[in-house]
1. Show the residue pairs meeting these rules: Cβ distance below 6 Å; 6+ apart or different chains; first residue within region 6-20 and without any contact (Cβ under 8 Å) to a residue 40 or more places away in the chain; second residue surrounded by fewer than 21 Cβ atoms within 10 Å (Cβ to Cβ) and hydrophobic (A, V, I, L, M, F, W, C).
2. Against the condition in contact (Cβ under 8 Å) with a residue 24 or more places away in the chain, in contact with a strand residue (DSSP E or B) (Cβ under 9 Å, 6 or more places away or on another chain) and not hydrophobic (A, V, I, L, M, F, W, C), how does K135 come out, does it pass?
3. Output yes when any residue across region 158-169 is assigned to a strand (DSSP E or B), on the phi < 0 side of the Ramachandran plot and free of Cβ contacts under 8 Å to residues at least 40 places away in the same chain, and no when none is.
4. Quick one: count up the residues across region 137-151 that are open to solvent by 10 Å² or more (accessible area, probe 1.4 Å) and under 15 Å from P10 (Cα atoms).
5. Among the residues of region 109-134, how many are open to solvent by 60 Å² or more (accessible area, probe 1.4 Å) and touching an Asp or Glu at 6+ places or on another chain (Cβ under 8 Å)?
6. Checking the structure you have, find out if any residue of region 36-46 is of a type in the set (A, V, I, L, M, F, W, C) and closer than 17 Å to K12 by Cα.
7. Is there a residue in region 152-163 that is surrounded by 19 or more Cβ atoms within 10 Å (Cβ to Cβ) and touching a Ser or Thr at 6+ places or on another chain (Cβ under 7 Å)?
8. Taking the condition over 22 Å from G69 (Cβ atoms) and in a helix (DSSP H, G or I), does V146 pass?
Amino acid sequence: MRVGVGSQNPVKVRATERAVGDVLSTTVDAVSVASGVSEQPYGLTETISGAENRARAVLSTGEYDLGVGIEGGVAPIEGELYLVMWAAVTDGKTVGKGAGPSLVLPDSIATRIEAGEELGPVMDDVLDMTNVAKKQGAAGALTAGVVDREDALTHAVAGALGPFVTELY
């Protein structure tokens, strides 16, 4: 079985390898595809759509048995802005979806996102680092490293794999 993940981001690729490796004997390839959503997905609907679009785009290459899409976004929930992470897996017939943890963003960061900035560059600025999204991610920064981005995305992909690895669906 061949699995493609719709991203060149090494964190997303490793997260998919970890989740898939626990239940399927397969290889995982990075596939550059468009999400079809904003660079900074806003809201649960847009974030989930981005993950689904990526999964379908990978599968449409005709080279994979399963397409995996992962999308991080921000979403207003009960008056606060949250970091949200979603994954989708598809074989062309079934689409499985799973989420990583949702973490409330500090007001100082949320204000900048609401003003139109993207989370990745804001986190780079706040942490005085480059490419935070390819390292610990906002999740790692917001949890003092207890849950880093790779861990969070692994859980999202594992949840999305449900229909493909258990008879319960």
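The values are calculated or read from the model by the stated rules, or taken from the named source; none is laboratory data. Note that the structure is predicted; figures quoted are calculated from it, not measured. Don't worry about glycine lacking a Cβ; one is built from the backbone with ideal geometry, like all the others, and counts go over all protein chains shown. All accessible areas refer to the heavy atoms of the entire protein, side chains included, with ligands and DNA or RNA removed. Shrake-Rupley method; radii C 1.70, N 1.55, O 1.52, S 1.80 Å.
1. Q8/A30; V13/A30
2. Working: in contact (Cβ under 8 Å) with a residue 24 or more places away in the chain: yes; in contact with a strand residue (DSSP E or B) (Cβ under 9 Å, 6 or more places away or on another chain): no; not hydrophobic (A, V, I, L, M, F, W, C): yes.
Spelling it out, it is not the case that K135 is in contact (Cβ under 8 Å) with a residue 24 or more places away in the chain, in contact with a strand residue (DSSP E or B) (Cβ under 9 Å, 6 or more places away or on another chain) and not hydrophobic (A, V, I, L, M, F, W, C).
3. Initially, region 158-169 is screened for residues assigned to a strand (DSSP E or B), giving none.
Looking through region 158-169, none of the residues is assigned to a strand (DSSP E or B), on the phi < 0 side of the Ramachandran plot and free of Cβ contacts under 8 Å to residues at least 40 places away in the same chain.
4. Looking only at that region, the number is 4.
5. So the count comes out to 3.
6. Looking only at region 36-46, we keep the residues that are of a type in the set (A, V, I, L, M, F, W, C), and these are 37, 44.
Subsequent filtering for residues that are closer than 17 Å to K12 by Cα retains none.
No, because not a single residue in region 36-46 is of a type in the set (A, V, I, L, M, F, W, C) and closer than 17 Å to K12 by Cα.
7. The initial filter retains those residues of region 152-163 that are surrounded by 19 or more Cβ atoms within 10 Å (Cβ to Cβ), namely 152-158, 160-161.
Those left that are additionally touching a Ser or Thr at 6+ places or on another chain (Cβ under 7 Å): 157.
Among the residues of region 152-163, at least one is surrounded by 19 or more Cβ atoms within 10 Å (Cβ to Cβ) and touching a Ser or Thr at 6+ places or on another chain (Cβ under 7 Å), which makes the answer yes.
8. Numbers: over 22 Å from G69 (Cβ atoms): yes; in a helix (DSSP H, G or I): no.
Judged against the criteria, V146 is not a match.
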